[in-house]
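Bear in mind that the values in this text are calculations on the coordinates, not laboratory data. Note that the structure is a prediction, hence the values are computed from the model and not measured. Glycine gets a Cβ as well: all are built from the backbone with ideal geometry, and neighbour counts include every protein chain shown.
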Amino acid sequence: MNIILYISLTSYLLLFFSTCSADLLPISLTQWYQRSDIIHRHEYKHSFCAPKLTLGRDSRIAFWRYGGDAIATQDSLRIVPSIRSRQGFVWNEQKLTIKDWEIDMALRVSGRLRQGADGMAIWLTEQQMGRGPVFGSSDVWNGIGIMLDSFDNDALKDNPKIQLVINDGTHRYDHQLDGKSDELSSCMKDYRNQPYAVRIKIIKADDVLQIWVHSGYNLNPGYEDYDLCLQSILPVFTFTEGYLGVTAATGGLSDDHDVMCFTLHSLKQLESGPNSEINQNASSEEDSVRERVSKLYEEFDREFSERRTRYQEEHPDTRNEYLLEDFEINVESKLKLLLERQEGIIRELLSTKAAISSTDTNILSSISRDIKNLEHRINDAKQDGISSESQGSFHEVNRQVKSLQDSVNELRSNMDRTLTQLVVAFGELKQKPVSSEHAASVQCTGCIGFWTVFLLLCFHLLVFSCFMACLKMKENRQKKYF
């Protein structure tokens, strides 16, 4: 109880004495980013962002260390998966010593159930903490903790919520009461199962901390789409220099906790008064350097254009020496390679067609001879007085042979038709010029692969085997009757 009174008195005193420096804090994000007296500098050693979030085969993140059940990919860092009783963390290996800063974070918390657990926490602590019961981290720390609490432990129906919690390292976080004893401020925000990533901006300036939240209902939010979640004055004893970290945990319920981007910018306000003249002089010098460089570039570009035009006029014969093939783009080379392979496939198909045609001719001629011999034998058998049952058997064999002959003719006609279509399609592709505008949109829809040719050959061999089996059966029956 004494700690709560002490925190309250300290907050009121800081609110009274910090009015002179409160002009650094934003009233709205649109006005905040339109101010010319605030310098935002990206601190890459305290940031990570997709795509290409990881480095190397071991999926390292530059200047960061993750562990537990965290999974790092090129697109996001999954602090903890949607599996029960899991914990994950990521900690910055570089100590943050900047007084005023801004964190822009893109995250996604998603689960299959209406209610999730446990939540996620953003830390700024004196030391990198180990795993523990408070959203995957220790329940005793010295610094700031921003909790995204998904589960309602105290049954007050105020979850999911975002809360600002401080601790001086002397007492434990009361997880069953959702940290009410150490809470400075909080707001209810439904950040679970949103269509797009939820974005959080944390701004710390002049010992005052603001949290702006975009709920993730559109893909590219503007500054006017952010809502002020909370604003609080940090107590005097709050440790504001240390290590940044993000942890998450699941309990009886589970959610996927993903972080796509975590960027930090240092804030610096340009001084007014005597130092403003120095800033103006520095800006004027930068403008003069920029103008001088732009003039030099314009002069160089103009001189190069004149020299190129003069060379083309003096050497008109060398204008066509540079062939397009030497500078063709990768898509065109791939397309030409594809057409060459198609041409090779069609040549193979034509040779296969010739072989099949010769084989079919031999087979059909042998079938015709066998049919004629069979008819002569049937006629001779009729003259010799063979029974009607034997004649029916001969007619049945004759019918089967004719049906097999029709199947072979149909297969041959289908092969001829397919090859004709392929040759026509390849001719149309070959007549069309290759251009860089439509080369990328050409798709290999008329290609016939190795397996297609292989299946056609297998089908033909199967038909040939059936024919030979029928022919052998016919010869056996002839031996039976003669």
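A few comments on the model shown:
- Elements of the type strands (runs of 3 or more DSSP E) sitting completely within the range 68-137 and holding at least 3 residues that are of a type in the set (A, V, I, L, M): these cover 77-80, 101-110, 119-125.
Table: residues versus (1) out of contact with any helix residue (DSSP H, G or I) (no Cβ under 6 Å at 6 or more places or on another chain); (2) aliphatic (A, V, I, L, M).
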site	(1), (2)
Leu148	yes, yes
Thr170	yes, no
Gly179	yes, no
Met188	yes, yes
His214	no, no
Gly245	yes, no
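- Boolean, Leu124 is within 25 Å of Lys204 (Cα to Cα) and within 19 Å of the chain's Cα centre (by Cα): no
- Checked against (1) within 20 Å of Ser232 (Cα to Cα); (2) outside any loop (DSSP other than H, G, I, E, B); (3) touching a residue at least 60 places away in the same chain (Cβ under 8 Å), Val165 passes all but condition (3).
- All conditions in (1) touching a Gly at 6+ places or on another chain (Cβ under 8 Å); (2) under 18 Å from Asp149 (Cα atoms); (3) not β-branched (Val, Ile, Thr) hold for Gly242, with the sole exception of (2).
- All positions within the range 215-239 that are closer than 30 Å to Asn142 by Cβ and not aromatic (Phe, Trp, Tyr): Leu228, Cys229, Leu230, Gln231, Ser232, Ile233, Leu234, Pro235, Val236, Thr238
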